[in-house]
Amino acid sequence: MRRFFEQYKGLKREMYILFYGRIVTSMGSLIWPLVTLILKNKMGLGAGTIASLVLLMSIVQLPLNLLGGKLADKLNKKKIIICCDLVTVICYLICGFIPLSYVSIVLFYTASAFATMEAPAYDTLVADLTSGEEREKAYSLSYLGTNLGLVLAPTLGGLLFQNHLNLAFIINSVCTLSSTILIALFVKDLKKEKTEDEQVNVYETMNSSKSALGIIFSKKTLILYIFLSGVGRLVYSQFNFMIPLNLELLYGAKGATLFGMMTSTNAAIVIFGTPVLTKLLEGLRDIQKMILGQVCVVVAMGMYIFVQGMIPMYFVSMILLTVGEILDVLANMPFLTRRVPSTHRGRIFSINIIFYTIFYSLGNRGLGQLVDRMPIVSVWKVVVIIGIVAVILRIILGIVDKREYALLYNRAEDDSHSDTKTGGSDSE
């Protein structure tokens, strides 16, 4: 296992600091999973009020994400991260020292809003500071950091919820402040020097006077990619939608316990599987990883048509689903960053997030209506059909991409031929 983690050696210092920043930013999960319980158990709000607050926050986050993307393209990314983190730190710190009230809710949601705004700056900074095969490893490390935070936080938050909730806010604040200080001292927000690879990849370095939407609509690849992000996310989101509903239908209250065990399985596989898959599949193109990942997700969801009541098979399905999740993450950010100008990355990332959020939210609403009217196995069949369509469209995406971004493929073929010749001369 050690050799799989050693692949992260040799990255720029900034990558390790951003990795730590991802961990502690995800420590916002110390509070997020507890929000419903806080509003219900601690403040006595009704389910309707809670649902309205969550919906309001989701609506507010969409334009904030777009604003964050625009700022990431126009301003110093390091300063954006620091400013957003400081607001988050102050909000959580105040929450830790005042009685729980509606003021606490406003402060918590304010902290969440600024965490949303800084996300595009994190993603674009990773792309700015890496190139070539480093980019896959850098995004892999970033994803690993995010999930480490997501694993650690809910456990600690659950322990503190009943009697020491204020301490959860303070810990969140201190952790975020520690990463902010490291980023302020050691991360440089600058464009990396042009290398031979970047000079060939004119798609990243070209200047464009078009808007972000103009760039997207100028390429069939980008239009199809963003649409597929929505379809793929709709299928994957059944992890948190259809699967819990299915388990509750079969096992009642025990379904929540079973789903918790499956979620822990997902987290463990992400942590140990991400470096392994990054290393083993580094020879595959991004589009190949995307197709393979989508196939894994579809097969995992399709198993629920046949394995109702077979608990061990739920965990087999979760393993497949997690492998698909990892492959999708490893492929998507490198794929997109290589095909858009670096001056527009933040905005295009944000547009993609907004589209797939709206798409899968509306899709889940439609699936929820089907669950009320049809046997759940029939709804799973609908999910699988959507997933198969997504696989077919990803194959088409690969064909279109090779035509529109030929230089990326030509460069890779040239490198392959060069390696072959070098190997031949060494053996002589």
Quick check on Asn364: is it modelled with pLDDT under 85, over 27 Å from Gln288 (Cβ atoms) and of a type outside the set (A, V, I, L, M, F, W, C)? yes
Residues (assigned to a helix (DSSP H, G or I), open to solvent by less than 10 Å² (accessible area, probe 1.4 Å) and of a type outside the set (A, V, I, L, M)) located in segment 303-343: Tyr304, Tyr314, Ser317, Thr322, Gly324, Pro334, Phe335, Thr337
Of the residues that make up segment 281-297, is at least one assigned to a helix (DSSP H, G or I), out of contact with any helix residue (DSSP H, G or I) (no Cβ under 9 Å at 6 or more places or on another chain) and either small (Gly, Ala, Ser) or surrounded by fewer than 16 Cβ atoms within 10 Å (Cβ to Cβ) (or both)? no
Look through Ile215, Ile226, Ile243 and report the one residue that is over 19 Å from Leu397 (Cα atoms), at pLDDT 85 or above and not small (Gly, Ala, Ser). Ile243
Pro99 versus (1) farther than 17 Å from Ile181 by Cα; (2) assigned to a helix (DSSP H, G or I): which is the lone unmet condition? (2)
Go through segment 173-202 and report how many residues are of a type in the set (Val, Ile, Thr), at pLDDT 60 or above and not in a helix (DSSP H, G or I). 1
Scan (1) touching a helix residue (DSSP H, G or I) at 6+ places or on another chain (Cβ under 7 Å); (2) modelled with pLDDT under 90 for the single condition Gly387 breaks and write down its number. (2)
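Let's see how each residue does on (1) more than 18 Å from Val24 (Cα to Cα); (2) among the aromatic types (Phe, Trp, Tyr); (3) touching a residue at least 40 places away in the same chain (Cβ under 8 Å):
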{"position": "Pro99", "(1), (2), (3)": "yes, no, no"}
{"position": "Phe108", "(1), (2), (3)": "no, yes, yes"}
{"position": "Thr116", "(1), (2), (3)": "no, no, yes"}
{"position": "Val126", "(1), (2), (3)": "no, no, yes"}
{"position": "Thr130", "(1), (2), (3)": "yes, no, yes"}
Failed item in (1) in a helix (DSSP H, G or I); (2) surrounded by fewer than 14 Cβ atoms within 10 Å (Cβ to Cβ); (3) modelled with pLDDT of 70 or more, with Ala51 passing the rest: (3)
Taking segment 248-276 and keeping only residues that are touching a residue at least 60 places away in the same chain (Cβ under 8 Å), touching a helix residue (DSSP H, G or I) at 6+ places or on another chain (Cβ under 7 Å) and among the hydrophobic types (A, V, I, L, M, F, W, C), one is left with Leu249, Ala267, Val270, Ile271, Val276
Out of curiosity, is Leu67 over 27 Å from Pro341 (Cβ atoms), open to solvent by 10 Å² or more (accessible area, probe 1.4 Å) and not small (Gly, Ala, Ser)? no
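The values are calculated or read from the model by the stated rules, or taken from the named source; none is laboratory data. Since the structure is predicted, the reported quantities are computational estimates derived from the model, not experimental observations. Note that each Cβ is placed from the backbone with ideal geometry, even for glycine, and that neighbours are counted across all protein chains shown. Heavy atoms of the whole protein, side chains included, go into the accessibility calculation; ligands, DNA and RNA do not. Shrake-Rupley method; radii C 1.70, N 1.55, O 1.52, S 1.80 Å.
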